[in-house]
Amino acid sequence: MFGELILYPVPTPQDLVTQLSQERYALSSLLEFARTLSPDLGPRGIIRNVLRTVMGKSLIKEAFGYIGSESGATFHLIARAGFAQIELPDVIDRDGFDTLVTNQEVSFTALPLPTADGTGFLGLIGLGQSINPNLSQDSETVYLASLAALTSIALTNAWLFEREKERERIESELRLARDIQQSLLPQRLPEMLGAEFAAISKPSEWVGGDYYDVIQLDENRVLLAVADVVGKGVTAALTMSNLQAALRALVALLREGYYDIVGVVKELNRLICESTSPERFITAAFGVLDVHKRQLESVVCGHPNPIIASPGRSVTLVESTGIPLGIIPDFEYESRSYHLAAGSLLVFFTDGLSEAVHAGSMLGEKGTARLVEDAALSGLSLDDTLRQMVDSSQISIEDDVTVLAVRLS
């Protein structure tokens, strides 16, 4: 009436002692193993350390380990001991991974190492048979499952640790590039009778490729320069430093009359060609402004055209006269001359301004000209005028932007 009575064998005291001994061994082994898995070993170091520890602790003669690529599409063999008769490719795809895990004819136990969310795998460990008497088949299964879980956690931590190190390395590089860039920009602008100078430069990221300079040549003349180096980061900052160093060296020759503005630009172009690759070119606009005569001589090298806003809402675009620096060493640049009326506003800028968005469309050449025209009539100080121009809520600037302006009285 109560069904068949099933009798289970009662474990002997010796069986209980053996089982307890095996569980204690497995637990102590896993705890010791976990203490060795420091994230700073890196993913590859984690796998190698796992294999060494398991082989020594569990008396295993043969083992191998694969580590997954960042995409998880391929797995690379990074450690192998024994298994001379088994083909273990240096790189396997997901099908090869599944074959190693499911193959019943091999003489090893395959331990897949799953990702934290269970949607993929971080790697794979293959272990030969253990000759350790303290591990029964059942306890070994539990032990290996725990081992795989600990290894997956350690690998995840190691990946996160490496990403954090890479992030810190990149931030350190960007800080260095930003410091280089800021050191190249003039800390003070000249003070000259009859002219007011102002400049603003805002990188879109940590480091931009924009550069400007204002160098007084004598009591009446000043050299104006705005440039945009292709690219960002340390490479762009170093290219910019080459430009600044070369320009500063050539200023002495310009002051003494050995070079005019065209000669300076030609020599700059030659030096940039020699020191950089062709794809690392620089767009630039240069001008020598005689404040007393209100005369500008300019050379524009593949750069957005500077703008002269004169009283009476008259706008003049400074003509482009050559290609960007650093492309053709012996390119023949030309200059153009402009007379500025009293009260004129001269604005040099990078394409971050002309490519800004206003009312859903890019400013472009005409929109930038209108912006400068309005700025000339603002009645604000030149510093406030530039801040209003760049920080206006009516326009959206997504790239590096630099604006250098001179107002003549």
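When residues in region 176-204 are screened for being touching a strand residue (DSSP E or B) at 6+ places or on another chain (Cβ under 6 Å) and without any contact (Cβ under 8 Å) to a residue 60 or more places away in the chain, 3 of them pass.
Just a yes or no: is a residue in region 185-203 surrounded by fewer than 21 Cβ atoms within 10 Å (Cβ to Cβ), modelled with pLDDT under 85 and within 30 Å of LEU296 (Cβ to Cβ)? Yes, some residue in region 185-203 is surrounded by fewer than 21 Cβ atoms within 10 Å (Cβ to Cβ), modelled with pLDDT under 85 and within 30 Å of LEU296 (Cβ to Cβ). Condition (residue is hydroxyl-bearing (Ser, Thr, Tyr) and more than 23 Å from LEU346 (Cβ to Cβ)) applied to region 252-265: is it met by at least one residue? Yes, region 252-265 contains at least one residue that is hydroxyl-bearing (Ser, Thr, Tyr) and more than 23 Å from LEU346 (Cβ to Cβ).
In this structure, VAL207 does not qualify as surrounded by 20 or more Cβ atoms within 10 Å (Cβ to Cβ), under 25 Å from SER396 (Cα atoms) and modelled with pLDDT of 95 or more.
Quick grid of which residues meet (1) acidic (Asp, Glu); (2) at pLDDT 90 or above:
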residue	(1), (2)
ARG313	no, no
SER337	no, yes
SER361	no, no
LYS366	no, no
LEU371	no, no
ASP374	yes, no
MET389	no, no
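State whether one or more residues within region 83-96 are assigned to a helix (DSSP H, G or I) and either of a type in the set (Lys, Arg) or open to solvent by 30 Å² or more (accessible area, probe 1.4 Å) (or both). Within region 83-96, one or more residues are assigned to a helix (DSSP H, G or I) and either of a type in the set (Lys, Arg) or open to solvent by 30 Å² or more (accessible area, probe 1.4 Å) (or both). Looking across region 56-73, the residues that are surrounded by 13 or more Cβ atoms within 10 Å (Cβ to Cβ) and either under 10 Å from LEU122 (Cα atoms) or in contact with a Cys (Cβ under 8 Å, 6 or more places away or on another chain) (or both) come down to TYR66, ILE67, GLY68, GLY72. Of (1) part of a loop (DSSP other than H, G, I, E, B); (2) surrounded by 15 or more Cβ atoms within 10 Å (Cβ to Cβ); (3) touching a strand residue (DSSP E or B) at 6+ places or on another chain (Cβ under 7 Å); (4) of a type in the set (Asp, Glu), ASP383 satisfies all except one. Which? Going through (1) part of a loop (DSSP other than H, G, I, E, B); (2) surrounded by 15 or more Cβ atoms within 10 Å (Cβ to Cβ); (3) touching a strand residue (DSSP E or B) at 6+ places or on another chain (Cβ under 7 Å); (4) of a type in the set (Asp, Glu) one by one, ASP383 breaks only (1).
What are the residues in region 214-229 that are without any contact (Cβ under 8 Å) to a residue 60 or more places away in the chain and under 33 Å from the mean Cα position of the chain (by Cα), if any? Hits for region 214-229 are ILE215, VAL229.
Residues being of a type outside the set (Asp, Glu), in contact with a Leu (Cβ under 6 Å, 6 or more places away or on another chain) and closer than 21 Å to ALA405 by Cβ are represented in region 242-250 by at least one member. Of the residues making up region 302-321, those that are within 31 Å of the chain's Cα centre (by Cα) and surrounded by fewer than 22 Cβ atoms within 10 Å (Cβ to Cβ) are GLY302, ASN305. For region 341-359, a residue qualifies if it is crowded, with 22+ Cβ neighbours inside 10 Å, more than 14 Å from ALA376 (Cα to Cα) and of a type in the set (A, V, I, L, M), and the qualifying residues are LEU353, ALA356. Residues in region 220-268 that are modelled with pLDDT of 90 or more and assigned to a strand (DSSP E or B) were compared, and the one that is most open to solvent (accessible area, probe 1.4 Å) is ARG221. Scan region 98-121 for residues that are in contact (Cβ under 8 Å) with a residue 24 or more places away in the chain and more than 17 Å from ALA63 (Cβ to Cβ) and the total you get is 5.
Scanning region 322-340 for residues that are open to solvent by less than 40 Å² (accessible area, probe 1.4 Å) and either within 15 Å of GLY302 (Cα to Cα) or without any contact (Cβ under 8 Å) to a residue 60 or more places away in the chain (or both) returns GLY322, PRO324, LEU325, GLY326, TYR333, SER335, TYR338. Look at region 231-246: where a residue is aliphatic (A, V, I, L, M) and a partner is in a helix (DSSP H, G or I) and open to solvent by 60 Å² or more (accessible area, probe 1.4 Å), sitting 6+ places away or on another chain with Cβ atoms under 7 Å, you get VAL234/GLU173; VAL234/LEU176.
The values are calculated or read from the model by the stated rules, or taken from the named source; none is laboratory data. Being a predicted model, the structure only gives us computed values, none of them experimental. Note that each Cβ is placed from the backbone with ideal geometry, even for glycine, and that neighbours are counted across all protein chains shown. Note: areas computed on protein heavy atoms with side chains; ligands, DNA, RNA excluded. Shrake-Rupley method; radii C 1.70, N 1.55, O 1.52, S 1.80 Å.
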